[in-house]
Amino acid sequence: YYEAVYANGLHFDLENPRCSQFLYRVGFKESSPQVQPYLNSWKDQGTEMLSRWIASEQANGTIRTDLPVPILAHFMFTMGLSVASLMHDIYGVDFDRNLAEGKPLFGHENEALQAAVRDLIQLLKAALKPQAV
């Protein structure tokens, strides 16, 4: 599941660079008060979707139950958002330059980026793994 989510995100960026650029600008660059309610709604809806999924997976025994759903949902949501800063800070992806040049946000498919995503997935799996009793 985790691999598919992140892989689809990278694939979406490569296949739909203009949509990806728009979402990045709105989510990370826009600060106008007119847009803020939409950003808050997007965050609330994303967190709610994750909360429902986490509760379902907890009931199935595939996600730890010793932490409350809202904490896990917040963790997953913010981890997803942090991928951009990881790619910029550690792998040198220059989102602003890619935007200016009309390239996909992540520039191109890159083994280092894919390896970073795999590492993040390993962290996520370890964090969500049911705790031994």
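Quick notes on this structure:
Here's the yes/no breakdown for (1) touching a residue at least 24 places away in the same chain (Cβ under 8 Å); (2) not charged (D, E, K, R):
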| position | (1), (2) |
| --- | --- |
| 63 | yes, yes |
| 75 | yes, yes |
| 101 | no, no |
| 105 | yes, yes |
| 115 | no, yes |
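- Flag for residue 72 being at pLDDT 85 or above, within 30 Å of residue 54 (Cα to Cα) and touching a Lys or Arg at 6+ places or on another chain (Cβ under 8 Å): yes
- Taking the conditions (1) farther than 25 Å from residue 126 by Cβ; (2) surrounded by 14 or more Cβ atoms within 10 Å (Cβ to Cβ); (3) modelled with pLDDT under 70 in turn, residue 95 satisfies each one other than (3).
- Index of the failed condition, residue 105 passing every other in (1) assigned to a helix (DSSP H, G or I); (2) of a type in the set (A, V, I, L, M); (3) under 15 Å from the mean Cα position of the chain (by Cα); (4) crowded, with 16+ Cβ neighbours inside 10 Å: (1)
The values are calculated or read from the model by the stated rules, or taken from the named source; none is laboratory data. Keep in mind it's a predicted model, so treat the numbers as computed, not measured. Cβ sites come from the backbone with ideal geometry, for glycine too, and all protein chains shown count toward neighbours.
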